[in-house]
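Step one of this worksheet: look at the structure below.
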Amino acid sequence: MSDQSNATSRRAFLQSGVGLAAGGAVAQVEGALAQGAGATDADADLARLQGRRRILIRGGVVLTLDRQVGDFAQADVLIEDGKIREVRPNIAVSDDTVAVVDAVNRIVLPGFIDSHHHFYQGILRNILTNGLLNPDYNRDVSNTLTAAYRPSDVYAGVLVTALGMIDAGTTTAVDTSQVSHTPEHSDAGIRALQESGLRAVYAYSRGAGPGTKYPQDIARLQETTFSSSNQLLTLALGGTLDAKIFAVAREAGVPIVSHGVSGNTERALVELGRMGLLQPGDEYIHCNHLSGIAWRLIRDTGGHVSLAPPIEMAMGHGMPAIQDAIDHGVRPSLSSDVDVTMAQDAFTIMRSTFTLQRLMVLQRIRNGDLKPPPLLTCREVLEFATIEGARCALLDRKVGTLTPGKEADIVMLRADRLNVWPLNNAPGDVVNLMNPSNVENVFIAGKIKKWRGNLVGIDAARVVRLAQEARDGVVRRADFKPNLLG
Ligand SMILES: [Zn+2]
């Protein structure tokens with residue numbers, strides 16, 4: 001939501017044969033985006049761009065993260081009807097049929113995928129700055145504050161979170177909701193996800209109080225909002241390692257997103273495995289301190305894991321299981337979990353993952369380990385934050401790499417800014433140097449969601465106001481006092 005226009009924006013980043021040649025028209029489009037959805041002539045230019053069947057992202061450093069397709073020091077990405085049509089250098093097009101986006105000095109890669117976030121908590125950002133999972137989070141957030149949510153608060157929290165994600169280059173996320181006090185609470189969160197334009201898995205999860213219909217309300221959700229697979233939202237069932245919940249998921253034919261998986265609960269996991277209730281595509285979150293038995297069970301049943309290293313380190317979940325997962329042949333996805341204590345952007349999570357794994361390995365070497373595991377590379381961490389997230393969300397057929405045929409969920413990162421220039425290594429830039437201010441353009445299913453540093457078609461003032469009103473109401477009803485200066 002920041003204006004990053006500068007002198008380079010005067011160049012023809014957006015070129016087209018019909019009315020968007022260069023210069024003034026480009027400035028008009030940018031102006032319209034900066035202003036949101038105001039009714040101006042420039043909006044018409046934006047609408048024409050957005051209505052284009054074909055968009056060519058030209059001349060970027062392209063990390064497809066698909067080893068078959070390869071990565072390119074300079075290549076073009078052709079989007080057609082919302083899908084990636086072609087990725088290679090020098091794609092020839094006639095300019096009157098394609099909107100061209102200049103990607104020189106941009107890193108073009110798949111949108112980041114966050115496999116576990118409690119979206120409704122967006123209005124509680126940093127309300128638990130120095131808190132621990134137990135007792136602080138469980139007492140203040142899971143119980144006191146969450147119980148005070150009304151449906152409109154869920155809507156505001158989910159909306160500000162989802163838009164914050166798109167702003168930071170995350171194009172897909174799993175909403176591990178946990179605020180379904182009534183069906184209206186669930187519907188409010190889903191409506192906000194829909195309005196945001198983010199691709200998301202709604203992991204329908206528990207609520208509190210007499211009005212909750214968890215888990216049986218999943219049948220209604222399946223028949224209504226989630227009756228089509230041809231949409232940005234898909235459905236899963238969130239829950240703990242409870243045989244009854246797993247049975248409901250199996251009955252409904254949806255994957256489980258299982259929270260609270262750790263060494264303390266792995267007996268329940270093993271028991272579920274013995275009962276045959278674990279299925280390929282199930283997601284296991286955190287996974288700190290699991291034994292080899294549990295890891296093999298996850299791997300052998302086709303499970304996926306979601307690790308949230310920054311939150312786990314800060315809030316006391318235990319040692320993030322990066323190396324454990326890799327050692328047992330499970331490539332992890334990454335997640336932000338909550339923003340009551342920590343940033344939700346992928347850069348923060350990737351950098352934590354990279355530095356922590358290396359610290360652990362290098363410390364083993366320092367302590368005399370003669371057969372340490374390999375150090376992670378930035379490219380591997382990028383895969384965790386993209387294709388492994390897609391696998392975890394069961395969306396790898398659609399997204400996660402820039403593979404022709406997949407949907408065009410693409411981010412363009414500015415490599416020409418003062419915090420990263422000159423560009424010497426693209427994966428390293430993304431993982432270790434960049435931050436959300438480098439996110440210039442974001443496409444989801446080929447639609448422009450962020451353009452030249454500004455979210456598209458978003459009334460930011462309205463979202464800010466809704467989030468503040470919701471925060472005020474929740475903390476008042478919960479009788480909770482945020483500590484602004486402490
Ligand atoms: Zn969580």
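The values are calculated or read from the model by the stated rules, or taken from the named source; none is laboratory data. All of these numbers come straight from a predicted model, not from anything done at the bench. For neighbour counting, all protein chains shown are included, and Cβ atoms are generated from backbone atoms with ideal geometry for every residue, glycine included. Protein only, heavy atoms only, side chains kept; ligands, DNA and RNA dropped before computing areas. Shrake-Rupley method; radii C 1.70, N 1.55, O 1.52, S 1.80 Å.
Before moving on, here are some points about what is shown:
- Checklist (1) open to solvent by 10 Å² or more (accessible area, probe 1.4 Å); (2) over 21 Å from PHE112 (Cβ atoms); (3) modelled with pLDDT of 95 or more applied to VAL474, failing item: (1)
- Close pairs from the stretch 327-340: first part of a helix (DSSP H, G or I), partner away from the ligand (no atom under 11 Å from the Cβ) and open to solvent by less than 40 Å² (accessible area, probe 1.4 Å), Cβ under 7 Å, at least 6 apart: ASP327/PRO373
- Residue, farthest from the chain's Cα centre (by Cα), within the stretch 171-190, restricted to residues that are open to solvent by less than 10 Å² (accessible area, probe 1.4 Å) and within 16 Å of the ligand (Cβ to nearest atom): SER180
- Some residue of the stretch 141-150 being of a type in the set (Ser, Thr, Tyr), within 29 Å of LEU394 (Cα to Cα) and more than 16 Å from the ligand (Cβ to nearest atom): no
- Restricting attention to the stretch 76-104 and to residues that are touching a residue at least 24 places away in the same chain (Cβ under 8 Å) and out of contact with any strand residue (DSSP E or B) (no Cβ under 7 Å at 6 or more places or on another chain), the residue that is surrounded by the most Cβ atoms within 10 Å (Cβ to Cβ) turns out to be ASP81.
- Look at (1) closer than 21 Å to MET342 by Cα; (2) touching a Pro at 6+ places or on another chain (Cβ under 9 Å); (3) open to solvent by 20 Å² or more (accessible area, probe 1.4 Å); (4) outside any helix (DSSP H, G or I) and you find that MET313 fails only one, number (4).
- Look at (1) more than 16 Å from the ligand (Cβ to nearest atom); (2) in contact (Cβ under 8 Å) with a residue 24 or more places away in the chain and you find that ARG358 fails only one, number (2).
- Subset of the stretch 47-62 that is hydrophobic (A, V, I, L, M, F, W, C) and open to solvent by less than 10 Å² (accessible area, probe 1.4 Å) - its residue that is modelled with the lowest pLDDT: LEU49
Residue-wise test of (1) without any contact (Cβ under 8 Å) to a residue 60 or more places away in the chain; (2) crowded, with 20+ Cβ neighbours inside 10 Å.
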{"residue": "GLU195", "(1), (2)": "yes, no"}
{"residue": "TYR202", "(1), (2)": "yes, yes"}
{"residue": "SER205", "(1), (2)": "yes, yes"}
{"residue": "GLY209", "(1), (2)": "no, no"}
{"residue": "LEU233", "(1), (2)": "yes, no"}
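- Matching entry among ALA92, ALA99 (being of a type in the set (Gly, Ala, Ser), modelled with pLDDT under 95 and in contact with a helix residue (DSSP H, G or I) (Cβ under 7 Å, 6 or more places away or on another chain)): ALA99
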